[in-house]
Structures are given as C-alpha cells and as structure tokens.
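A short write-up of the structure that comes next.
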Amino acid sequence: DSGVTQTPKHLITATGQRVTLRCSPRSEDLSVYWYQQSLDQGLQFLIHYYNGEKRAKGNILERFSAQQFPDLHSELNLSSLELGDSALYFCASSALPGTDTQYFGPGTRLTVL
Amino acid sequence: GNSVTQMEGPVTLSEEAFLTINCTYTATGYPSLFWYVQYPGEGLQLLLKATKADDKGSNKGFEATYRKETTSFHLEKGSVQVSDSAVYFCALKSTGSSYKLIFGSGTRLLVRP
C-alpha cells in the first residue's frame with residue numbers, strides 16, 4: 001500500500017458526460033501528479049500540482065482540468081467525454097517536486113460507452 | 001526530447017530462469033532512472049531506482065545499473081518466480097521543472113511453473 005488513495009476505483013459513463021476523479025496523497029506529500037494509461041498511448045503525464053499551485057502540464061486535453069485543494073487532495077475533472085478517454089487514470093504523490101520517488105495510487109478505471 | 005525505450009514483450013520464462021528486460025533512454029542532463037512494476041489489476045509500485053551514473057538499484061532480487069556510457073538501465077533477476085509475473089515499466093524523471101516521469105511502453109513478464 002503506497003498510502004495514496006484514489007476514488008472511485010471504477011467509473012462507467014456515457015459520451016458527452018462529465019466525471020470527477022479524486023486523489024488523496026500520502027500525508028506528508030505536497031506534490032500531486034496525474035497520469036493516464038491507455039492501450040494506444042501508454043503511460044502519459046497529464047499535470048502536476050504542488051501545494052495548491054499548478055506546476056506543469058503535459059499531454060492534457062483542454063476538456064480536462066485539475067485542482068489541488070488546501071487539504072492537498074486533488075481532483076481531475078474530465079468533461080465532454082469521448083470513447084477515446086477510456087483509460088486508467090493514476091495519481092502519484094511526492095514530498096517535494098524534486099523528490100525522486102513518486103508513489104502511485106491504485107488508479108481509477110474510466111470506461112466511456 | 002526525453003524518451004525511454006523498452007524491449008517489447010511478452011517475455012515468457014520458466015520458474016528459476018534468469019531475467020533481463022532491456023531499457024535505454026534519451027535525455028538531457030542526468031535524469032534519475034526507475035523501474036516500476038504493475039501486477040494484474042493493481043497500480044504502479046516502485047521496484048528500484050538509481051539517481052546517478054554507475055549506481056545500482058536493487059530490491060526483491062531485482063537489480064539494475066545506471067550506465068551512462070550506453071544510456072541503459074536494464075532490469076535483471078537471477079531466478080524468477082511465478083509471483084513475478086507482471087508488467088514492468090522503465091522510467092526516467094525529467095530534469096526540467098515539471099519533474100514528470102517519462103515511461104517506456106512496458107514489458108509483460110509471464111513466469112510459468
């Protein structure tokens with residue numbers, strides 16, 4: 001158990017809908033990262049937050065957004081969902097942005113029908 | 001840009017066989033290197049890491065040495081077990097401001113009794 005929690009574990013929804021994925025980092029960690037794992041793209045970095053502020057963006061679509069709250073949990077919002085958004089979404093955390101090790105949560109499997 | 005290349009799987013071995021999974025990278029500067037493992041239905045777990053040239057990371061019988069001259073970080077284990085069956089990901093941590101992890105495509109290992 002990494003100490004990073006993600007909810008829900010599974011999510012099934014329809015095209016055009018909007019969903020919110022939640023991540024709670026390890027208690028001592030200030031940085032949260034979101035990654036997407038899909039069959040065609042592999043594991044790709046989406047976005048990084050540190051202590052409530054966005055630090056970096058990766059291959060994140062404009063339909064997707066994220067935020068990190070004062071209690072350091074983070075939410076990833078996916079809107080106008082398309083079939084191709086079906087994937088595993090992972091959250092990871094680390095103590096400081098430059099800290100080497102990122103600890104991953106169990107992921108949320110999103111299925112868009 | 002930074003990238004990681006892994007040998008394609010699946011790799012099928014008999015129990016107690018020797019394992020090598022090749023990983024090479026392209027990066028500017030001196031990235032940290034990682035191996036993560038994903039067991040069926042689970043998230044990513046850090047297996048081992050190395051932060052500078054000639055460092056050897058090791059854990060649970062797995063080893064990998066950071067070879068700057070060949071830009072490689074091959075994963076090895078002397079005697080695999082059925083329980084090692086999983087997908088293995090090689091990754092590097094960007095030296096840029098995003099601190100994102102860049103992953104290889106993953107190598108599936110299947111160990112037969």
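The values are calculated or read from the model by the stated rules, or taken from the named source; none is laboratory data. None of these values were measured; they are calculated from a predicted model. With ideal geometry, Cβ positions are generated from the backbone for all residues, glycine too; neighbour counts draw on all protein chains shown.
Structure above, values below:
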quantity	calculated
Test set (1) free of Cβ contacts under 8 Å to residues at least 24 places away in the same chain; (2) more than 24 Å from residue B:111 (Cβ to Cβ); (3) at the interface with chain A (Cβ under 10 Å from one of its Cβ atoms); (4) of a type in the set (Gly, Ala, Ser) - residue B:32 fails condition number	(1)
Count of residues meeting criterion [within 15 Å of residue A:110 (Cα to Cα) and assigned to a strand (DSSP E or B)] in the stretch A:20-41	9
Cross-chain or 6+ apart pairs with Cβ under 7 Å, the stretch B:68-95 first and within 14 Å of another protein chain (Cβ to nearest Cβ), then assigned to a loop (DSSP other than H, G, I, E, B) and among the basic types (Lys, Arg)	B:94/B:100
Tally, over the stretch B:54-76, of residues that are crowded, with 20+ Cβ neighbours inside 10 Å and not aromatic (Phe, Trp, Tyr)	3
Failed criterion for residue B:21 (all others in (1) within 18 Å of residue B:110 (Cβ to Cβ); (2) in contact with a Ser or Thr (Cβ under 6 Å, 6 or more places away or on another chain); (3) within 14 Å of chain A (Cβ to nearest Cβ) hold)	(3)
Residue list for the stretch B:14-23, filter: touching a helix residue (DSSP H, G or I) at 6+ places or on another chain (Cβ under 9 Å) and assigned to a strand (DSSP E or B)	B:19
Conditions (1) more than 14 Å from chain A (Cβ to nearest Cβ); (2) free of Cβ contacts under 8 Å to residues at least 40 places away in the same chain: number failed by residue B:50	(1)
Which listed residue is more than 13 Å from the chain's Cα centre (by Cα) and of a type in the set (Phe, Trp, Tyr), from A:90, A:69	A:69
Matching residues, the stretch A:36-49, being touching a Leu at 6+ places or on another chain (Cβ under 7 Å) and either without any contact (Cβ under 8 Å) to a residue 40 or more places away in the chain or within 9 Å of chain B (Cβ to nearest Cβ) (or both)	A:37, A:45
Test for residue A:61: is it under 15 Å from residue A:110 (Cβ atoms) and either of a type in the set (A, V, I, L, M) or assigned to a loop (DSSP other than H, G, I, E, B) (or both)	yes
Any hit, the stretch B:53-69, residues being among the acidic types (Asp, Glu), assigned to a strand (DSSP E or B), over 28 Å from residue A:53 (Cβ atoms) and at pLDDT 95 or above	yes
Members of the stretch B:35-46 found to be within 11 Å of chain A (Cβ to nearest Cβ) and either assigned to a strand (DSSP E or B) or in contact with an Asp or Glu (Cβ under 9 Å, 6 or more places away or on another chain) (or both), listed by number	B:36, B:37, B:38, B:44, B:45, B:46
